[in-house]
Amino acid sequence: MQTIFIMIKCDLGKAYSVADELVQDVEQVSEVHSTSGQYDLLVKCYLEDGADIGHFVNEKIQTLTGIKDTFTLIAFKAFS
C-alpha cells in the first residue's frame with residue numbers, strides 16, 4: 001500500500017461538505033482532518049501499490065465540487 005496525504009484548499013464555506021463527500025464517496029480515503037492555516041483539510045489516503053498517484057488526485061479528488069487547490073505529499077515510512 002502507498003500512503004499519501006493531500007492538503008486541500010476549499011471554496012469559502014465548503015470545507016465541511018467537501019470533507020463529507022471525501023469520507024462517503026472516495027474509498028481510498030482513510031481520514032479527513034480540518035486544519036488551520038493555508039489549507040482547510042488534510043486527507044490521508046491509502047492507494048494500492050503501483051496505483052498512479054497523479055491520476056488519483058486529478059480524477060478522484062480535484063474534480064470534487066468545492067475544491068480550489070491541492071498539495072500532495074507522498075509518505076515513505078510510518079514510525080510507531
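The values are calculated or read from the model by the stated rules, or taken from the named source; none is laboratory data. A quick note: this is a predicted structure, and the numbers were derived from the prediction, not measured. We place every Cβ from the backbone using ideal geometry, glycine too, and count neighbours over all the protein chains shown. Side chains included, ligands, DNA and RNA excluded: accessible areas come from the protein's heavy atoms. Shrake-Rupley method; radii C 1.70, N 1.55, O 1.52, S 1.80 Å.
Give me the 1.4 Å probe accessible area per residue for the chain, excluding ligands and nucleic acids, in Å².
On a per-residue basis, the chain sits at 68 Å².
What is the distance, in nm, between label points placed 7 Å from the Cα along the Cα-to-Cβ direction at Phe5 and at Ala75?
0.8 nm
Tell me the carbon and sulfur percent of the accessible area for the chain, rounded to whole percent, probe radius 1.4 Å.
That share works out to 51 percent.
Keeping to pairs on different chains or 8 or more places apart, tell me how many lysine pairs in the chain have Cα atoms under 16 Å apart.
Pairs that pass both the separation and distance tests number 7.
What does the charge count around Leu22 come to, taking other residues whose C-beta lies under 10 Å from its C-beta (Lys +1, Arg +1, Asp -1, Glu -1)?
-3
Please give me, ordered by residue number, the GluC sites (Glu not before Pro) of segment 20-67 that lie in loop per DSSP and have at most 12 other Cβ atoms within 10 Å.
Sparse-neighbourhood loop GluC sites (Glu not before Pro): Glu27, Glu48.
Can you tell me the relative contact order of the chain? Whole percent, Cα pairs under 8 Å, sequence separation 6 or more.
The value is 47 percent.
How do the peptides 4-10, 35-41 rank, highest first, by the average count of neighbouring beta carbon atoms within 10 Å per residue?
Taking the mean over residues of other Cβ atoms within 10 Å, the ranking is 4-10, 35-41.
Just the Cα atoms of the chain, one point each, no solvent: what log10 I(q)/I(0) does Debye give at q = 0.12, 0.16, 0.23, 0.25 Å⁻¹?
-0.30, -0.54, -1.10, -1.28
Just from its helices, what would the mean residue ellipticity at 222 nm be for the chain, if runs of 4 or more DSSP H residues each count -39500 (n - 2.57) and the sum is divided by every residue, rounded to the nearest 500 deg cm²/dmol?
The per-residue figure over the chain is -5000 deg cm²/dmol.
Using only Cα atoms, find the angle between the long axis of helix 15-25 and the longest principal axis of the chain, and express it within 0 to 90 degrees, rounded to the nearest 10.
40 degrees
Multiplying the sequence separation of Leu12 and Glu48 by 0.36 nm and subtracting their Cα-Cα distance, what value in nm do you get?
9.7 nm
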